[in-house]
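Contents: one structure, followed by commentary.
The values are calculated or read from the model by the stated rules, or taken from the named source; none is laboratory data. Predicted model only: the values in this text are computed from it and were never measured. Neighbour counts are summed over all protein chains in view; Cβ atoms, including those assigned to glycine, are modelled from backbone coordinates with ideal geometry. Note: accessible area is taken over every heavy atom of the protein model, side chains too, but ligands, DNA and RNA are not part of it. Shrake-Rupley method; radii C 1.70, N 1.55, O 1.52, S 1.80 Å.
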Amino acid sequence: MRLRSHQIILWIAATAAVITFSAVRWWPATDDTAAVDSAFTPSFALADSEGRIRTTAEFRGKFLLVFFGFTSCPDVCPTTLSEVAQVMDDLGSAAGSVQPIFISIDPERDRRLGLADYTTAFHPAILGLAGSEEETKSAAASFKIFYEQEADTSSPDGYTMAHSPGLYLIGPDGAWLRQFTYGTSAPEILSDLQSRL
Amino acid sequence: MKHFLLATALVLSAPAAMACETVTIGDLTVEHAWSKVTIGAGRPGVFYVEIKNTGTSDDALVGIATPAAGMPMLHETVVQDGIASMPHAMSIPVPAGQSVQLAPGGYHGMLMGLTTALKEGDSFPVTLSFEKAGEVTVNVVVLSLRAEGPDCADAGQ
């Protein structure tokens, strides 16, 4: 009997842990109303393709369009980067006020495959960043986004990446403004940006 | 020999209109086969297509093969609870009387182990294997990075 109640308590604890874990894991990425909650200021310090450390501080005064992805991603990442490229073209003379940034969540492989030729192929304005594992984790945490490596024998090198596919808008003061969910069209992103410029 | 065939296939660059070709096998119609430019050969390419089943029995796409890539596989982009992942699709249902699209953000062929980088205007064959209808080969046109699909708006074609 005594053992039974222990078991019940353990089951309750395990269930609570699962619920807590799920909440922590899913809450940030599903939250479209982050801007309504207390404002936060994401930050990163990550190497660009030439090894220079780039930080959020150097982009104050500009809007940032930040996307986390990996260059071996055949479907989601090219779709979003194509939208970003279209937005940059359509901004015309205002493009100088917006810095698009691609942050690799698969930095070691992306550095090896070449980061700059990838981002440039979409648009020369896109800055590709690939830091260490620790720096990448820290950047993702500050944006409240999720990513993880998934073992997959049917993928190149035996793994693929699961990640938050949103596009994040940061204001000239460095504060988080909003997320554009995956699939938001270039004209929608453009009109949002134009209303702020 | 394989390389020679591939080179021949790629040299025979086709106009984008080729993506508007329609191939049929049994009750299945396969059209709008396209791919996107890749940045180098070290990253996987992608394969999109539309399949229409005009028959009365369900079928399923169970595999793809192409001389352009050593390891082509079917995948599905799934965005669940704000996280995108890309599980391997063992088979893609093509129900009776319905159309299925392999399109950005959903089912797609992932072309791993590309023999050569895919360039805009190139074309290469992909053989689709269906559970019941068997195999059919389509020509796949490589469109630009920003393409959202072939432009086949002209109903007369």
Accessible surface, 1.4 Å probe, highest first, among residues B:TRP34, A:TRP11:
A:TRP11, B:TRP34
1.4 Å probe, heavy atoms, protein only - residues of region A:60-83 losing at least 40 Å² accessible area vs chain alone:
A:PRO74, A:ASP75, A:SER82
Not counting ligands, DNA or RNA, and with a 1.4 Å probe, what is B:VAL79's accessible surface area in Å² rounded to the nearest 10?
70
To the nearest 500 deg cm²/dmol, what mean residue ellipticity at 222 nm is calculated for chain B from DSSP H runs of n ≥ 4 alone, each contributing -39,500 (n - 2.57), summed and divided by the residues?
-2000 deg cm²/dmol
Fluctuation leader among B:PRO95, B:PRO87, B:PRO72 - chain B, Gaussian network, Cα springs under 10 angstrom
B:PRO87
Can you give the average number of partner chain beta-carbon atoms within 10 Å of each beta-carbon in peptide A:109-121, as a whole number?
2
Chain B, dipole about Cα centre (Lys/Arg Cβ +1, Asp/Glu Cβ -1), debye to the nearest 20:
540
A student applying the Cα gyration tensor rule (rounded when a/c is under 1.5; otherwise prolate if a/b is larger than b/c, oblate if not) would label region B:88-157 oblate
Positive end of the dipole of region A:147-197, charges at C-beta (+1 Lys, Arg; -1 Asp, Glu), about the Cα centre: which of A:ALA186, A:LEU167, A:GLN149 has its Cα farthest in that direction?
A:ALA186
Identify, among B:GLY121, B:PRO93, B:GLY134, the residue whose Cα sits farthest towards the positive end of the charge dipole of chain B, taking +1 on the Cβ of Lys and Arg and -1 on the Cβ of Asp and Glu, with the dipole about the Cα centre.
B:GLY121
Check the straight Cα-Cα distances from A:LYS137 and name the lysines below 25 Å, setting aside those fewer than 8 residues away within the same chain.
A:LYS62
Whose amide H sits under 5 Å from the amide H of B:ALA84, counting only residues 5 or more places off or on another chain, with H placed in the peptide plane?
A:HIS163, A:SER164
Calculate one ³J(HN,Hα) per residue across region A:59-76 by plugging θ = phi - 60° into the Karplus curve 6.51 cos²θ - 1.76 cosθ + 1.60, and present them in order as whole Hz with x for glycine and proline.
9, 4, x, 10, 7, 10, 10, 10, 10, 9, x, 8, 6, 8, 8, x, 10, 5
At 1.4 Å probe size, with no ligands or nucleic acids counted, give the accessible surface of B:CYS152 in Å², nearest ten.
30
